[in-house]
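Asks: Okay, handing you the structure first.
The values are calculated or read from the model by the stated rules, or taken from the named source; none is laboratory data. Keep in mind the model is a prediction, meaning the values are calculated, not measured. Methodologically, a virtual Cβ is constructed for each residue, glycine included, from the backbone with ideal geometry; neighbour enumeration extends over all protein chains shown. Surface accessibility is based on the protein's heavy atoms, side chains included, excluding ligands, DNA and RNA. Shrake-Rupley method; radii C 1.70, N 1.55, O 1.52, S 1.80 Å.
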Amino acid sequence: MVNFEYGIAEQLPNAKVLIVDDQLLNITLLQKILAGHYQTSVAHSGEDALKMIEESAPDIILLDIEMAGINGIETCRVLKSRPETKNIPIIFITSFGQHEDLCWQVGGVDFISKPINPKTVFNRVTAQLTLKFQRDKLLELVFLDGLTDVYNRRYFDSHLTKTQLRAKREQGDYALVIIDIDFFKQFNDIYGHIEGDKVLQQVAHTIKTTLLRPCDFVARYGGEEFAVILPDTDLRGGALVAENILNNIAKLKISHNYSIYQYLTVSAGLATFKGLSANESIIKSADEKLYVSKQQGRNKLTF
Ligand SMILES: Nc1nc2c(ncn2[C@@H]2O[C@H](COP(=O)(O)OP(=O)(O)OP(=O)(O)O)[C@@H](O)[C@H]2O)c(=O)[nH]1
C-alpha cells in the first residue's frame, strides 16, 4: 500500500499560507500563531489577494469575510470559478456567525469564528494543509509519467484546457510545441530499449530545464513525443524557446549512428493560439508543423 504520509511532514514547514484581512490586529495575531511553522504572507484586501494569488499560488488561504472592496465571500467565489485556483483550500475567519452557511456554499473547507482560539487555528490549518499535500501527492502519482517524471498525456489534456481558459480571460496568446525524437525506432534497434529509455529521460529533463517560466509546461505526449505549452507566448517567443530546446538536445551529443546527424536530434512543430478551440484541433495544428519538420530532413523546427 502507498504511504501517503511519506514526505508530508517534511513539506509542511514550506507550506505557503496567505492571510487575507484588512485589520492589522487580526493579521498580527494569525501571523503569531503560524510563524515558525509555515511561510505566511498577507493581502490587505480581496483585490490584493487575487493579484498575489495569480503571481504565486499559496497552499492555503485564511480569508476574512468583512472587508472593504471585494469581501471574503466574493473573493472565494472568484477563486473557485478559476480552474487554476479552484483547488486552493480556503478557511474563512469571521465574527459573523450568520455567514456560516454562505461560507460552505461558496466552497470554504472550514470556518473559524472570532475570537479565535490559537490552538484551533493552528490545528485546523495543519489538518487542511496535510490533506492538500496528500491530494497533491496522489495527483502526482496519477498524472506524472513514470519513466520521464514529466506530466503524462492525461494531465496534458486538462492543462491545455486550463491554459485556453486563462488565455481567453486575459485575451493573450499561448504556444504549443510538439517535439518528436528523430529516428528513435532505429536508436532502440541499435542501442537497445534500456538505452532508449535513458534517452527519453535525458530529453525530458533537457526540455524541462530549458523552460524558464514557472507557468511553462511539458508533458510526455506519446512514446517518443513531448508537448510543451507556453502560456502568454506569441510565435516569436515560442520559436525562441523551441529553438533552445532543439539546440540543448543536440548539445547532449548522444551518439546515434543511424542518424544523418550522427547524434540524437529532435524535430518540432510550433503553433500559437488565441481563445478557445477544441484540444484536438490545437494539437493537429502543431502536429502538421511537426510533420513538415520531419519531411524536410528532421532536426528542425517548423512554425
Ligand atoms: N525505449 C523506448 N522506446 C519507446 C518508448 N515508447 C516508444 N518507443 C519507441 O519509439 C519508436 C518510435 O518510432 P517511429 O514512430 O517509427 O519514429 P522514429 O523512428 O523516431 O522516426 P521519425 O520520427 O520519423 O524520425 C518506436 O520504435 C517505439 O518502440 C519507450 O517508452 N521506451
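Asks: List pairs: first in the stretch 160-186 and within 14 Å of Glu243 (Cα to Cα), second among the polar types (S, T, N, Q), Cβ under 8 Å, 6+ apart or cross-chain?
Replies: From the stretch 160-186, the pairs are Ala175/Thr233; Ala175/Thr272; Leu176/Thr272; Leu176/Ser285; Ile179/Ser267; Asp180/Ser267.
Asks: Output yes when any residue across the stretch 50-66 is part of a loop (DSSP other than H, G, I, E, B), modelled with pLDDT of 95 or more and over 28 Å from Glu140 (Cβ atoms), and no when none is. If you could, list the steps in order and put the result at the bottom.
Replies: Within the stretch 50-66, the first condition is being part of a loop (DSSP other than H, G, I, E, B), and the residues that meet it are 56-59, 65-66.
With the extra rule that they be modelled with pLDDT of 95 or more, the set shrinks to 58-59.
Pick out the ones that are also over 28 Å from Glu140 (Cβ atoms) and you get none.
No: the stretch 50-66 contains no residue that is part of a loop (DSSP other than H, G, I, E, B), modelled with pLDDT of 95 or more and over 28 Å from Glu140 (Cβ atoms).
Asks: Quick check on my filter: what residues within the stretch 12-26 are crowded, with 16+ Cβ neighbours inside 10 Å, assigned to a loop (DSSP other than H, G, I, E, B) and not small (Gly, Ala, Ser)?
Replies: Result: Asp21, Asp22.
Asks: For the structure I just gave you, tell me whether Leu139 is of a type outside the set (Lys, Arg) and within 16 Å of the ligand (Cβ to nearest atom).
Replies: Working: of a type outside the set (Lys, Arg): yes; within 16 Å of the ligand (Cβ to nearest atom): no.
So Leu139 does not fit the description; no.
Asks: Of Leu129, Leu200, which residue is assigned to a helix (DSSP H, G or I) and assigned by TED's automatic domain parsing to the domain that holds Pro13? Walk me through how you get there before you give the answer.
Replies: Numbers: Leu200 fails: assigned by TED's automatic domain parsing to the domain that holds Pro13.
Testing whether each residue is assigned to a helix (DSSP H, G or I) and assigned by TED's automatic domain parsing to the domain that holds Pro13 leaves just Leu129.
Asks: Looking at Ile88, is it touching a Pro at 6+ places or on another chain (Cβ under 8 Å) and assigned to a loop (DSSP other than H, G, I, E, B)? Lay out the reasoning, then the answer.
Replies: Values: touching a Pro at 6+ places or on another chain (Cβ under 8 Å): yes; assigned to a loop (DSSP other than H, G, I, E, B): yes.
Spelling it out, Ile88 is indeed touching a Pro at 6+ places or on another chain (Cβ under 8 Å) and assigned to a loop (DSSP other than H, G, I, E, B).
Asks: Moving on. Taking Tyr263 and the conditions (1) open to solvent by less than 50 Å² (accessible area, probe 1.4 Å); (2) within 15 Å of the ligand (Cβ to nearest atom), which numbered condition does it fall short on, given that it satisfies the others?
Replies: Status for Tyr263: all satisfied but (1).
Asks: Hey, another quick one. What's the number of the condition Leu147 fails, among (1) in contact (Cβ under 8 Å) with a residue 24 or more places away in the chain; (2) surrounded by 15 or more Cβ atoms within 10 Å (Cβ to Cβ)?
Replies: The failed condition is (2).
Asks: If I go through the stretch 165-178 residue by residue, how many of them are touching a Gly at 6+ places or on another chain (Cβ under 7 Å) and surrounded by 22 or more Cβ atoms within 10 Å (Cβ to Cβ)?
Replies: Total satisfying the criteria: 3.
Asks: Just name the residue that is most open to solvent (accessible area, probe 1.4 Å) out of those in the stretch 227-255 that are outside any helix (DSSP H, G or I) and closer than 21 Å to Asp173 by Cβ. Show your work before the answer.
Replies: Applying the first criterion (outside any helix (DSSP H, G or I)) to the stretch 227-255 yields 227-234, 252-255.
Those still in the list that are closer than 21 Å to Asp173 by Cβ too: 227-234.
Numbers: Ala227: 0, Val228: 0, Ile229: 1, Leu230: 2, Pro231: 9, Asp232: 97, Thr233: 12, Asp234: 75 Å².
Restricting to residues being outside any helix (DSSP H, G or I) and closer than 21 Å to Asp173 by Cβ, the top hit is Asp232.
Asks: Filter the stretch 271-303 for residues that are open to solvent by less than 70 Å² (accessible area, probe 1.4 Å) and away from the ligand (no atom under 16 Å from the Cβ) and give the result.
Replies: Passing the criteria: Ala271, Thr272, Phe273, Gly275, Ser277, Ala278, Asn279, Ser281, Ile282, Ile283, Ser285.
Asks: Now, a different point. With the checklist (1) open to solvent by less than 50 Å² (accessible area, probe 1.4 Å); (2) modelled with pLDDT under 95 in hand, flag the one item Met1 doesn't pass.
Replies: (1) is the only condition that Met1 fails.
Asks: So, one more: Could you list, ordered by first residue, the pairs with Cβ atoms under 7 Å in which the first is in the stretch 284-303 and among the hydroxyl-bearing types (Ser, Thr, Tyr) and the second is outside any helix (DSSP H, G or I) and within 10 Å of the ligand (Cβ to nearest atom), at least 6 apart or interchain?
Replies: Close Cβ pairs (under 7 Å, with a partner that is outside any helix (DSSP H, G or I) and within 10 Å of the ligand (Cβ to nearest atom)) amount to Ser293/Ser267.
Asks: Let me ask something additional. Just to check your reading of the model, which residue among Ile190, Ile181, Ile194 is open to solvent by 10 Å² or more (accessible area, probe 1.4 Å), near the ligand (Cβ under 9 Å from one of its atoms), among the hydrophobic types (A, V, I, L, M, F, W, C) and farther than 22 Å from Pro83 by Cα?
Replies: Numbers: Ile190 fails: near the ligand (Cβ under 9 Å from one of its atoms); Ile181 fails: open to solvent by 10 Å² or more (accessible area, probe 1.4 Å).
Exactly one of Ile190, Ile181, Ile194 is open to solvent by 10 Å² or more (accessible area, probe 1.4 Å), near the ligand (Cβ under 9 Å from one of its atoms), among the hydrophobic types (A, V, I, L, M, F, W, C) and farther than 22 Å from Pro83 by Cα, namely Ile194.
Asks: Let me ask something additional. Considering only the stretch 159-171, I want to know if a residue exists there that is out of contact with any Lys or Arg (no Cβ under 8 Å at 6 or more places or on another chain) and small (Gly, Ala, Ser).
Replies: No.
Asks: Continuing with this model, one more query. Looking at the stretch 212-222, which of the residues that are modelled with pLDDT of 95 or more and more than 21 Å from Gly275 (Cα to Cα) is farthest from the ligand (Cβ to nearest atom)?
Replies: This residue is Ala219.
Asks: Continuing with the same structure: Would you call Lys208 near the ligand (Cβ under 9 Å from one of its atoms) and either on the phi > 0 side of the Ramachandran plot or in a helix (DSSP H, G or I) (or both)? Reasoning before the result, please.
Replies: Numbers: near the ligand (Cβ under 9 Å from one of its atoms): no; either on the phi > 0 side of the Ramachandran plot or in a helix (DSSP H, G or I) (or both): yes.
No; evaluated as a whole, the condition is false for this residue.
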